[in-house]
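Handing you this structure, nothing more for now.
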């Protein structure tokens, strides 16, 4: 781990990334996460136009800078953006220009070769993390000069992987000594410490933050999260063409019969299914940690609760 990586970890209250969630993560969510001491992030595609994206990045930059100046005794975490490098992202070039202009401290790449992003971000001494779901992808990203690997394991929301976190992180650690971030059904302070014990420097948490006041998820989505548990999650490639975890009640709500699901041959974030429902917008995602969500709270409160339980476990381990 290099000096830059160590420095930014020391700036965190908890070793957490608030995962960039499509149609969920908002600028306010990013800002409040960073103020509370964890890395806030959002997918660039959540801003529907380049003009909107510029407004968001400008607001995040200015508000966090002002907050740092007014709260020099507080730990204010760096912010991050997520860029899809898959050929389906028609806005890739424009989004990369915005990254170069606003210089987010951390950029997370998904679904493709991160090389151009690494070159751009390293020019301003930023860090680049890559989402990976398989060992072969982790090795490829490591060889590209990435700063951090986000191991998206079984049980993660969105395009979760299928690998067990014990096995995945164990094999990755045989060739990788950079930043390691673990993702998948992490919901409590104990979960974070368990990930640290396995060798993770950070964890990525998504589902727990969907049901927060700053989230862009609508109230029906949040209510479904609160009323769901592990048995309500389905891992399928029938919705987007790539395996992902979705809430079964939302699939049924869209008029789709679970026992008639078939693999979707194409991959398109915006494509509708035969019922006119769209993935992510109408068919909602969640990870296997959904059963830990009991209420909707401000994100600062969720983080505060996590820290209290995290600190308690740390103190108890010292006795």
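The values are calculated or read from the model by the stated rules, or taken from the named source; none is laboratory data. None of the values given here were measured: they were computed from a predicted structure. Virtual Cβ from ideal backbone geometry, glycine too; neighbours counted across all protein chains shown.
Please specify each residue of segment 99-114 satisfying the condition of being more than 14 Å from the chain's Cα centre (by Cα) and either at pLDDT 95 or above or crowded, with 23+ Cβ neighbours inside 10 Å (or both). It would help to see each step written out before you state the result.
Taking segment 99-114 and keeping what is more than 14 Å from the chain's Cα centre (by Cα), we get 99-105, 112-114.
Of everything in segment 99-114, those that are more than 14 Å from the chain's Cα centre (by Cα) and either at pLDDT 95 or above or crowded, with 23+ Cβ neighbours inside 10 Å (or both) turn out to be 99, 100, 101, 102, 103, 104, 105, 114.
Moving on. Here is a list of conditions, (1) part of a helix (DSSP H, G or I); (2) in contact with a strand residue (DSSP E or B) (Cβ under 9 Å, 6 or more places away or on another chain); (3) more than 19 Å from residue 29 (Cβ to Cβ), and residue 249 meets all of them except one; can you say which number that is?
(2)
If I ask for residues that are in contact with a strand residue (DSSP E or B) (Cβ under 8 Å, 6 or more places away or on another chain) and farther than 20 Å from residue 9 by Cα, which ones from segment 121-136 would you list? Walk me through how you get there before you give the answer.
First pass over segment 121-136, keeping only residues in contact with a strand residue (DSSP E or B) (Cβ under 8 Å, 6 or more places away or on another chain): 121-122, 126-134.
Matches in segment 121-136: 132, 133, 134.
Quick one: count up the residues across segment 276-297 that are out of contact with any helix residue (DSSP H, G or I) (no Cβ under 6 Å at 6 or more places or on another chain), assigned to a loop (DSSP other than H, G, I, E, B) and either in contact (Cβ under 8 Å) with a residue 60 or more places away in the chain or closer than 16 Å to residue 18 by Cα (or both).
Filtering segment 276-297 for residues out of contact with any helix residue (DSSP H, G or I) (no Cβ under 6 Å at 6 or more places or on another chain) gives 276-282, 285, 292, 294-295, 297.
Still in the running and assigned to a loop (DSSP other than H, G, I, E, B): 276-277, 280-282, 294-295.
If we keep only those that are either in contact (Cβ under 8 Å) with a residue 60 or more places away in the chain or closer than 16 Å to residue 18 by Cα (or both) as well, we get 280-281, 294-295.
Result for segment 276-297: 4.
What's the total number of residues in segment 177-222 that are more than 16 Å from residue 303 (Cα to Cα), surrounded by fewer than 21 Cβ atoms within 10 Å (Cβ to Cβ), touching a strand residue (DSSP E or B) at 6+ places or on another chain (Cβ under 9 Å) and in contact (Cβ under 8 Å) with a residue 40 or more places away in the chain?
4
Here is a list of conditions, (1) closer than 16 Å to residue 42 by Cα; (2) in contact with a strand residue (DSSP E or B) (Cβ under 7 Å, 6 or more places away or on another chain), and residue 98 meets all of them except one; can you say which number that is?
For residue 98, the exception is condition (2).
Ok, one more. Does any residue of segment 298-313 turn out to be modelled with pLDDT of 95 or more, surrounded by 13 or more Cβ atoms within 10 Å (Cβ to Cβ) and not in a helix (DSSP H, G or I)?
The answer is yes, given that some residue of segment 298-313 is modelled with pLDDT of 95 or more, surrounded by 13 or more Cβ atoms within 10 Å (Cβ to Cβ) and not in a helix (DSSP H, G or I).
Just the residues that are in contact (Cβ under 8 Å) with a residue 40 or more places away in the chain, assigned to a helix (DSSP H, G or I) and either buried (at least 19 other Cβ atoms within 10 Å of the Cβ) or out of contact with any helix residue (DSSP H, G or I) (no Cβ under 6 Å at 6 or more places or on another chain) (or both), please, taken from segment 78-98.
95, 98
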